[in-house]
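Working notes, beginning with the structure itself.
The values are calculated or read from the model by the stated rules, or taken from the named source; none is laboratory data. Computed from a prediction, not measured in an experiment: that's the story for all the values here. All Cβ positions, even for glycine, are placed from backbone atoms using ideal geometry, and neighbour counts span all protein chains on display. Ligands, DNA and RNA are excluded from the accessible area calculation, which covers all protein heavy atoms including side chains. Shrake-Rupley method; radii C 1.70, N 1.55, O 1.52, S 1.80 Å.
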Amino acid sequence: MTTDNTTPRRWLRRAGAPRLEFGADYNPEQWPREVWAEDVRAMQEAGVTVVSLAIFSWARIQPRPEVYDFAWLDEVIDLLHAGGIGVDLATATASPPPWLTARHPEILPVDKFGNTVWPGGRQHWRPTSPVFRAHALRLVRALATRYGKHPAVVAWHVSNELGCHNVYDYSDDAATAFRTWLRDRYVTLDGLNEAWGTDFWSQRYSDWDQIIPPRQAATHPNPTQNLDFKRFSSDALKDHLRAERDLLRELSPDVPVTTNFMVMGQMNTMNYPDWAAEVDFVSNDHYVLPGPQARDELSFSANLTGNIAGGRPWFLMEHSTSAVNWQPINVAKKPGELHRDSLTHVAHGADAVCFFQWRQSRAGAEKYHSAMVPHAGEDSALFRSVVSLGRRLRDLADLAGSDRVPAEVAILVDWESWWVSENDSHPTDRLRYRQEALDWYTALLDHGIRADVVPAGAAWESYRMVIAPILHVVPAGLAGRLRDYAATGHLVTTYFSGIVDQNDQIWLGGYPGAFRDVLGIRIEEFAPLLDGETAELDNGTTGTLWTDRIEVTDPEVEIIARYKTGEQAERPAITRRAVGAGSAAYVSTRLGADGVAAVLPGLLDAAGVTSELPPALRGRVELARRGDHRFLINRTSEPVDLGADGILEPRGVVILRS
Ligand code: GAL
């Protein structure tokens with residue numbers, strides 16, 4: 001569920017005029033004390049307003065089971081406070097210290113092969129370990145008691161990127177908790193057997209204790225067991241978030257609670273639309289993934305984060321000033337990208353722009369990851385660029401608190417469809433759920449059309465056009481909503497949509513069972529394409545990955561494009577059925593961003609959606625709107641002439657007030 005607009009808004013606890021926050025993760029324990037005062041001075045120079053503190057400090061705060069050392073943290077917090085810098089104080093539970101794992105190895109996660117995940121990195125804890133939970137909450141209690149009323153503390157930061165490394169744990173603790181979760185969901189074993197289809201391959205359970213997480217099996221594990229394990233694993237971490245949050249709220253009710261989500265790239269293991277209501281404000285971490293759609297992917301993620309946040313402002317907790325350290329090849333940002341990336345997040349609703357991290361580490365696995373203060377020091381192009389970004393954000397203070405202006409087109413994203421459509425034992429294992437959605441987003445930007453990326457469970461009925469790429473898992477309720485929508489709105493869906501219900505069981509009678517009627521088509525067999533195989537369409541586009549053998553069942557269906565080559569030659573490839581004042585269209589192959597862009601004009605025309613940009617800017621510039629501000633974001637590395645509004649620098653952003 002996304003946050004609804006009736007829930008009171010909460011944001012950082014601080015006095016003073018609204019502003020955009022600016023800052024970073026701050027890890028002073030990695031540096032001698034003399035550096036701390038230097039840090040605060042340089043933060044002031046950069047315009048830093050907030051830092052996330054103590055994220056990985058457990059071993060320093062509690063060096064031994066019965067010993068707490070707060071002296072250094074007191075000093076850092078007081079220094080920051082004196083410098084006018086707010087503290088987003090972490091609960092420090094992200095990475096358990098060596099004494100804890102040595103004493104309680106039973107908190108260590110176990111992988112699907114039964115191997116222990118050893119300490120040595122970070123986040124080596126089982127989400128369902130009662131022992132870990134007790135130790136974590138003890139630390140949270142100590143921190144909240146000591147700092148809950150400290151005037152520097154503007155927010156609580158629960159753990160860190162929950163589930164980044166430890167979401168799937170196959171330990172015995174996980175097995176016990178999974179059984180409890182399944183009992184809540186199904187009540188009876190018969191219910192579970194029915195939902196999981198356990199009459200297949202002699203999997204019928206006669207006792208709850210026989211059920212285990214989907215550990216490494218001889219062949220494809222039960223797909224519904226897999227789906228439930230993914231649901232359960234997301235819920236288990238959500239439960240951890242709630243446990244820490246509840247204690248913080250009890251001990252420090254005036255300070256809002258957040259945790260940093262990871263809405264980016266292929267990261268899909270935590271169902272964030274389902275988590276959003278648990279925090280006082282949504283925070284996100286985003287890192288640019290290199291490739292031709294890198295910039296669009298950032299915009300897509302920022303937009304989705306804004307919609308997960310129910311359209312309200314959100315907190316960009318981490319991104320990078322330049323290179324990261326965890327990709328195979330880590331490239332530095334090009335001139336302009338630091339500002340453009342930051343402002344694109346702001347354009348989509350971020351009221352805080354923060355980085356990992358303040359000072360680039362000298363030691364450890366992240367020493368080659370960029371920061372606000374690089375190894376070169378403050379006398380560097382990077383720090384100067386950081387300082388100028390701080391100034392720019394200061395000048396945008398009047399944006400703070402303003403809502404995003406909804407677009408006319410929505411692209412639906414559904415975590416369960418993402419999980420299931422990429423499962424094994426399917427017609428193809430080459431399908432990439434998020435890439436299909438991103439291609440539609442890119443194609444819309446190519447036409448100068450703003451689109452919102454919206455969780456499938458949110459309220460999207462007021463959009464003129466709803467695109468539902470690979471909406472694979474469709475319970476009856478969602479099918480009904482989409483059918484009703486198409487009577488007045490314009491629905492577009494794609495291959496492998498509307499195929500299964502919430503138990504990953506097929507809607508029978510011909511594909512796509514959930515949408516057959518509204519689309520006016522029927523498919524008896526899927527026809528995926530081999531690697532390198534293509535299917536030409538008669539509109540000049542080329543399909544890859546997938547085709548369908550479509551039979552039109554309603555004479556009213558208009559065939560927008562047919563296959564020209566391949567097994568489906570002459571058959572419909574793209575269809576559209578008028579439904580009252582609305583319509584329902586189907587795209588049966590993977591067209592890629594360029595192919596989608598070729599098909600879009602007809603679909604947009606029919607829906608009455610037009611670009612808000614002048615023709616000369618379409619494609620080259622992304623438009624985003626917040627309050628009465630219009631962001632013009634250069635998608636290219638060339639200058640763009642904005643006419644009366646001046647020149648948009650390569651990779652630049654111009655912000656206009658209407
Ligand atoms: C995040 C994490 C940070 C840092 C960063 C590097 O996943 O929260 O602590 O590791 O990535 O990009």
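Scattering from the stretch 401-466 was approximated by placing one identical point on each alpha carbon and applying the Debye formula without solvent; log10 I(q)/I(0) at 0.25, 0.27, 0.28 1/Å stands at -1.10, -1.17, -1.21.
Order His319, His165, most accessible first, counting only protein heavy atoms with a 1.4 angstrom probe.
Details: His319 5, His165 105 Å².
In descending accessible area the options line up as His165, His319.
If both residues of a DSSP beta bridge must be in the chain, then about 45% of such bridges are antiparallel.
Express the accessible area of the chain per residue in Å², computed with a 1.4 Å probe while the remaining protein chains stay in the model. That works out to 38 Å² for each residue. Largest accessible area first, the residues Glu525, Glu66 order themselves as Glu66, Glu525 under a 1.4 Å probe with ligands, DNA and RNA left out.
Residues whose amide H comes within less than 5 Å of that of Val579, counting only those at least five positions distant or on another chain, are Ala584 (H built at 1.01 Å from N in the peptide plane). Dipole magnitude for the stretch 233-328: computed about the Cα centre from +1 point charges on Lys and Arg Cβ and -1 point charges on Asp and Glu Cβ, it is near 220 debye. Distances between every pair of Cα atoms in the stretch 136-228, grouped in 10 Å steps from 0 to the bin holding the largest one, split as 13, 34, 21, 16, 12, 4, 0 percent. When the surface is traced with a 1.4 Å probe over the full set of protein chains, Thr541 keeps roughly 10 Å² accessible.
Accessible surface for Arg10 stands near 80 Å², nearest 10, in the context of the full protein assembly shown (1.4 Å probe).
Once fully extended, how much extra length lies between Ile329 and Tyr368, figured as 0.36 nm per residue of separation less the alpha-carbon to alpha-carbon distance? Each step should come with its number before you reach the end.
Details: separation 39, 0.36 × 39 = 14.04 nm, distance 1.15 nm.
Gain on stretching Ile329 to Tyr368: 12.9 nm.
Over the stretch 317-459, the hull volume per residue, using the convex hull of the C-alpha atoms, is 169 Å³. Computed from the Cβ-Cβ distance with R0 of 45 Å, the FRET efficiency linking Glu524 to Phe113 stands at 0.70. Between Glu567 and His220, the distance separating the two model label sites (each 7 Å from Cα on the Cα→Cβ line) works out to 1.6 nm. The amide H of Phe261, built 1.01 Å from its N in the peptide plane, has Ser283, Asn284, Asp285 as neighbours under 5 Å, considering only residues 5 or more places off or on other chains.
How much length, in nm to one decimal, is gained on full extension between Ala277 and Glu66, taken as 0.36 nm per residue of separation minus their Cα-Cα distance? Provide the component values of the computation, followed by the final result.
Values: separation 211, 0.36 × 211 = 75.96 nm, distance 3.52 nm.
Extending this stretch completely gives an extra 72.4 nm.
Remark: the stretch 632-637, residue by residue, has Karplus-estimated 3J(HN,Hα) of 10, 10, 6, 8, 10, 9 Hz, where x stands for each Gly or Pro and the curve is 6.51 cos²θ - 1.76 cosθ + 1.60 at θ = phi - 60°.
What FRET efficiency comes out for the pair Arg41/Ser658, r = Cβ-Cβ distance, R0 = 60 Å, nearest 0.05? Spell out each step's value before the answer.
Numbers: r = 39 Å, r/R0 = 0.65.
Efficiency, from the Cβ-Cβ distance: 0.95.
Rounded to the nearest 500, what is the 222 nm mean residue ellipticity of the chain from helices alone, with -39500 (n - 2.57) per DSSP H run of 4+ residues and division by all residues?
Working: 17 runs with 202 residues, N = 658.
It comes out at -9500 deg cm²/dmol, rounded to the nearest 500.
So if I take the centroid of the Cα atoms in the stretch 611-658 and the same for the stretch 346-378, what is the distance between those two points in Å? Going from one Cα centre to the other spans 27 Å.
Would you list the P(r) distribution for the stretch 241-383, with all Cα-Cα distances sorted into 10 Å bins from 0 and each bin expressed as a whole %? Going from the shortest bin to the longest, the percentages are 11, 38, 33, 16, 2. Our summary gives the chain a relative contact order of 12 percent, counting only alpha carbon pairs under 8 angstrom and 6 or more residues apart.
Which one of Leu100, Tyr168, Ala155 is farthest out on the positive end of the charge dipole of the stretch 82-216, using unit charges on Cβ (Lys, Arg +1; Asp, Glu -1) and the Cα centre as origin? Going by the charge dipole, the pick is Ala155.
The order of Glu75, Glu250, Glu558 by accessible area, most exposed first and with a 1.4 Å probe, is Glu250, Glu558, Glu75. With R₀ set to 56 Å, the beta-carbon distance separating Glu612 from Ser202 gives a calculated FRET efficiency near 0.45.
How much length would be gained if the chain were fully extended between Arg430 and Ser402, taking 0.36 nm per residue of separation minus their Cα-Cα distance, in nm to one decimal?
Here the segment from Arg430 to Ser402 would lengthen by 6.0 nm.
With q set to 0.09, 0.10 Å⁻¹, the log10 of I(q)/I(0) for the chain, from the Debye formula over equal scatterers at the Cα positions, is -0.80, -0.98.
Summarising the amide proton neighbourhood of Val454: residues at separation of 5 or more, or on other chains, whose placed amide H is nearer than 5 Å comprise Ile411, Leu412, Val413.
Please express the shape of the stretch 1-114 as an equivalent ellipsoid: the semi-axes are the square roots of 5 times the eigenvalues of the C-alpha gyration tensor, given largest first in whole angstrom. Walk me through the numbers on the way to the answer.
Working: eigenvalues 184, 111, 30 Å².
The answer is 30, 24, 12 Å, longest axis first.
Think of each Lys and Arg Cβ as +1 and each Asp and Glu Cβ as -1; about the Cα centre, that makes the dipole of the chain roughly 1400 debye.
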